[in-house]
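Notes to accompany the following structure.
The values are calculated or read from the model by the stated rules, or taken from the named source; none is laboratory data. Every value quoted in this text rests on a predicted model; they were computed, and no experiment measured them. Cβ atoms come from the backbone with ideal geometry, glycine included; neighbour counts cover every protein chain shown.
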There are 2 protein chains.
Amino acid sequence: MIPNTNELHPGLSIDCVIFGFHENELKVLLLKPKNDDCWALPGGFVKTDQDVDTEAVRVLKNRTGLDDIFLKQFYLFGNVSRNKAGHVDKMIENGMIDESLREWFSQRFVTIGYYALVEYSQVKSPTPDDVSEDCQWKPLHDLPELWLDHYEILKRAHHDLKKALNDQPIGLNLLPELFSMPELQALYETVLEKELDRRNFRRKMLAYDILIQTDERRTGGAHKPPILYKFDKEKYHKAIENGLQSAW
Amino acid sequence: MIPNTNELHPGLSIDCVIFGFHENELKVLLLKPKNDDCWALPGGFVKTDQDVDTEAVRVLKNRTGLDDIFLKQFYLFGNVSRNKAGHVDKMIENGMIDESLREWFSQRFVTIGYYALVEYSQVKSPTPDDVSEDCQWKPLHDLPELWLDHYEILKRAHHDLKKALNDQPIGLNLLPELFSMPELQALYETVLEKELDRRNFRRKMLAYDILIQTDERRTGGAHKPPILYKFDKEKYHKAIENGLQSAW
DNA sequence: CCAAAAGTGTTCTACCTACACCCATGG
DNA sequence: CCATGGGTGTAGGTAGAACACTTTTGG
């Protein structure tokens, strides 16, 4: 529910690009606003007595039930053009918001983009917010039409995520607790949108020294069962803080 | 002057960390608010009919007279704690702002951090804004006490700039048109806060393929005069767009 | 026993590191 | 002529790219 607008920071919103990884595809959690053909990024407003980061965590928690998740503020979208004329009228017509909120929604808004990486299977039931009728994972490469500038926000989130891989590992919170090297590689290939050499990938990843090899193997395939690994969380977080490689 | 507050985006400000390079030091352009001991980052507000980036460019232009400069949005500072109680009272007491603006300034503010890299010598006369009595370059490593969370903003700008060097060249807009390799190296060493090997630096920088060697040399020193280079602007900008190195 | 996919090792190359020598200038 | 700092080259090590063979499972 939209809280009393008096308690909200005017003209400021949050949009979260929530990435999940499933069936070798990157998926994004999207909302279907009521009576609208477009889909939208989960978002929200900022209470004036709350940190912006806190509010982003709240949005994530409300949609996915998850907290304690990697969540990164990546950009503030502040162009005037993102506020489309007629857009509020439509929301009122569609019954998404009440007439009384017309003024609040008619302000010029800037929005803070966050992206999150979550484990697909842990999101038991994606939950729509009160202005939406549905909440679903959509494949990054087969997206429905999106609201306003949400496609641009999503693209930039993915672009920033790709770049971040040069300096950070990913996988924690995006893969199950135990995973095989080929599964981790599939994640990287999906995010990067390119194929990688199996052997070189393994060597490089092991050199990061953030993996712990377990005794278990993933059986069931008609082939040699892969070793399962888990992340050394302490080293993983250190790697994120210190950066993985630097030219200087 | 502060425009009519009705035209301004409420609770939203811009702060610019303007870096200059002079006498082998990184300097930052700071403002001295009237009747206050602290110094502050140049900043401003966002007109509701202007893009946020546009407003940041305007701030830079007003303080330095420069435009067409590398200006990067690096973070939105959105913690509640940055709004200190009593801080508006003090501004009114000091005559920085009029009593009539009390309400406007008492809102909770979030601020968008930008950093800029400018050529020190091109800023003929740093210009204070109307709530400040002075505008000066201050050495990054000998800063006066700063307003509110401006020190935190500055630190983060520098940190982001350092990281950016792994993926981008710097120097254009920060050095004169013509510069020697040792001068460029001094810039890198200053930003990175570490010493680099002369020969390896040269090789690496030339490998970036963004420099044009000129026939001129910098004379005057009691030693072999260094060759002067300039940036190949087209290649320089391409390097910024495409990134200099990537792990994947 | 065969197909499928996983685990391992080697060679070649490119780049980074560390270092030493010569060169041009001003004083 | 000498002190100062700039230009150049090279040997050794490390890391990435390309690539082939062996291993283990299910069917």
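Entry remark, region A:142-181: residues being away from chain B (no Cβ under 14 Å), out of contact with any Pro (no Cβ under 9 Å at 6 or more places or on another chain) and part of a loop (DSSP other than H, G, I, E, B) number 11 in total.
Selection of region B:130-141 for residues being assigned to a loop (DSSP other than H, G, I, E, B) and not β-branched (Val, Ile, Thr) yields B:ASP130, B:LEU140, B:HIS141. Residues of region B:208-220 that are out of contact with any strand residue (DSSP E or B) (no Cβ under 7 Å at 6 or more places or on another chain), farther than 27 Å from B:ASP68 by Cα and either more than 9 Å from DNA strand C (Cβ to nearest atom) or at pLDDT 95 or above (or both): B:ASP215 alone.
For region B:154-164, the criterion of being touching a Cys at 6+ places or on another chain (Cβ under 7 Å), farther than 24 Å from B:ASP67 by Cβ and surrounded by fewer than 18 Cβ atoms within 10 Å (Cβ to Cβ) is met by no residue.
All conditions in (1) without any contact (Cβ under 8 Å) to a residue 12 or more places away in the chain; (2) on the phi > 0 side of the Ramachandran plot hold for B:SER100, with the sole exception of (2).
If you check B:LEU184, B:LEU196 for being part of a helix (DSSP H, G or I) and within 14 Å of DNA strand D (Cβ to nearest atom), only one passes: B:LEU184. In region A:100-117, the condition of being assigned to a helix (DSSP H, G or I) and of a type in the set (Val, Ile, Thr) is met by no residue.
Looking only at residues in region B:49-63 that are out of contact with any helix residue (DSSP H, G or I) (no Cβ under 8 Å at 6 or more places or on another chain) and within 14 Å of another protein chain (Cβ to nearest Cβ), the one that is farthest from A:VAL80 (Cα to Cα) is B:VAL59. Quick one: would you say A:TYR236 is of a type in the set (Ser, Thr, Tyr) and touching a residue at least 60 places away in the same chain (Cβ under 8 Å)? The answer is yes for A:TYR236.
For B:ARG82, the criteria (1) in contact (Cβ under 8 Å) with a residue 60 or more places away in the chain; (2) of a type in the set (Lys, Arg); (3) away from every other protein chain (no Cβ under 14 Å) hold in every case but one, which is (3). A residue that is over 24 Å from A:THR54 (Cβ atoms), among the aliphatic types (A, V, I, L, M) and surrounded by 15 or more Cβ atoms within 10 Å (Cβ to Cβ) cannot be found anywhere in region A:100-119. With respect to B:LEU196, determine if the residue is among the aliphatic types (A, V, I, L, M), without any contact (Cβ under 8 Å) to a residue 24 or more places away in the chain and in contact with an Asp or Glu (Cβ under 7 Å, 6 or more places away or on another chain). Yes: the conditions hold for B:LEU196.
Between B:LEU66, B:LEU29, the distinction of being away from chain A (no Cβ under 14 Å), in a strand (DSSP E or B), touching a strand residue (DSSP E or B) at 6+ places or on another chain (Cβ under 9 Å) and not small (Gly, Ala, Ser) belongs to B:LEU29 only. What are the residues in region A:15-26 that are of a type outside the set (Phe, Trp, Tyr), over 16 Å from A:ASN83 (Cβ atoms) and part of a strand (DSSP E or B), if any? Selection gives A:CYS16, A:VAL17, A:ILE18, A:GLY20, A:HIS22, A:GLU25, A:LEU26.
Each row is one residue, and each column tells you yes or no for (1) surrounded by 14 or more Cβ atoms within 10 Å (Cβ to Cβ); (2) more than 13 Å from DNA strand C (Cβ to nearest atom).
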site	(1), (2)
B:LEU174	yes, yes
B:ALA186	yes, yes
B:VAL191	yes, yes
B:ALA222	no, no
B:TYR229	yes, yes
B:HIS237	yes, yes
B:GLU241	no, yes
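As for region A:158-168, it holds no residue that is away from DNA strand D (no atom under 16 Å from the Cβ), closer than 22 Å to A:ASN62 by Cβ, under 17 Å from the mean Cα position of the chain (by Cα) and of a type in the set (Asp, Glu).
Here A:VAL191 clears all of (1) more than 10 Å from DNA strand D (Cβ to nearest atom); (2) more than 14 Å from every other protein chain (Cβ to nearest Cβ) except the condition numbered (2). Only residues that are among the aliphatic types (A, V, I, L, M), over 17 Å from the mean Cα position of the chain (by Cα) and modelled with pLDDT of 95 or more were counted in region A:1-50, giving 3.
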